[in-house]
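See below for the structure under consideration.
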Amino acid sequence: MKRLFLASSFNGVARLFSSFVNEDLKGKTVTFIPTASVPEKLSFYVNSGRKALLKLGLIVDELEVSTATADEISSKLQQNDFIYITGGNTFFLLQELKRTGADSIIIEQINSGKVYIGESAGAIIMSPNIEYAKDMDSCKKAPDLNTFSALKVVEFYPLPHYTNQPFKKAVEKIIAAYESKLQLYPISNSQAILVNGEDVRVESKK
């Protein structure tokens, strides 16, 4: 059964994740992928997410997909208990996941029941296609990406940072352009999309 926790800002909804998995997290290991942040000038959210995971008692095992060996990618994604992909540039992230074959391993692990945590870009790549994110991220940062076809783990389209700066206007533009064409799931920085098999719901932090 697919189990996904998709957020805009993990740091803001870490407690929701704790109740979502409903198990003792202490000593469990999470594969932490900050790849989307590589081409970005601002990356404070990477450290915020890392700290939030550590606070939950998790062991953070970093995997920089763009520079890791095939063996590292394969072993860390398969052996660790959870997979976490941070925010950043969605197009660069997808480019690197496809180039290294990490995308196929992640899909395989999710389908086998491993819990996946996606923050911002990490949430968007679960959709069928990331073209809708062009108003949020620059696709020029992924010159070798020849298709916007994404991981297709879910049939809907997560839309992070709804009502939150600095993405408020970009999100409104995406909604205006795509709400009649795609099944958008807008979430603010204090919300998360919880996927349990066929059950999909949005929850807000209390």
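Details
- Listed peptides 117-130, 137-150 by packing density, highest first (mean Cβ within 10 Å): 117-130, 137-150
- Its Cα gyration tensor gives the stretch 3-204 an equivalent ellipsoid. The semi-axes, each the square root of 5 times an eigenvalue, are 23, 20, 16 Å from largest down.
- For the stretch 16-79, GluC sites (Glu not before Pro) meeting the loop criterion (DSSP other than H, G, I, E, B) and having at most 10 other Cβ atoms within 10 Å: Glu23.
- With helices as the sole contributors, the chain gives -10000 deg cm²/dmol at 222 nm; each DSSP H run of n ≥ 4 counts as -39500 (n - 2.57), and the sum is divided by every residue.
- Kirkwood hydrodynamic radius of the stretch 76-133, from inverse mean 1/r over distinct Cα pairs, in Å: 11.6 Å
- Within the same chain, lysines fewer than 8 places from Lys28 are excluded, and of the rest, those with a Cα less than 30 Å from its Cα are Lys2, Lys51, Lys55, Lys76, Lys98, Lys114, Lys152, Lys205, Lys206.
- Fewest-first ranking of Tyr178, Tyr84, Tyr157, using other Cβ atoms within 10 Å as the exposure measure: Tyr178, Tyr157, Tyr84
- Put simply, the C-alpha atoms of the stretch 1-68 give a gyration tensor, and the ellipsoid matching it has half-axes of 21, 14, 12 Å, longest first.
- Amide H contacts for Ile59 (H built 1.01 Å from N in the peptide plane; partners 5 or more residues away or on another chain; cut-off under 5 Å): Gly27, Lys28, Thr29, Val30.
- For a paramagnetic label modelled on Asp144 (point 7 Å from Cα along Cα→Cβ), amide N atoms under 15 Å away belong, within the stretch 78-105, to 91-103.
Values in this text are rule-based calculations from the coordinates and carry no lab data. As the structure is a prediction and not an experimental result, all values here were calculated from the model. So basically every Cβ, Gly included, is an ideal-geometry build from the backbone, and we count neighbours across all protein chains shown.
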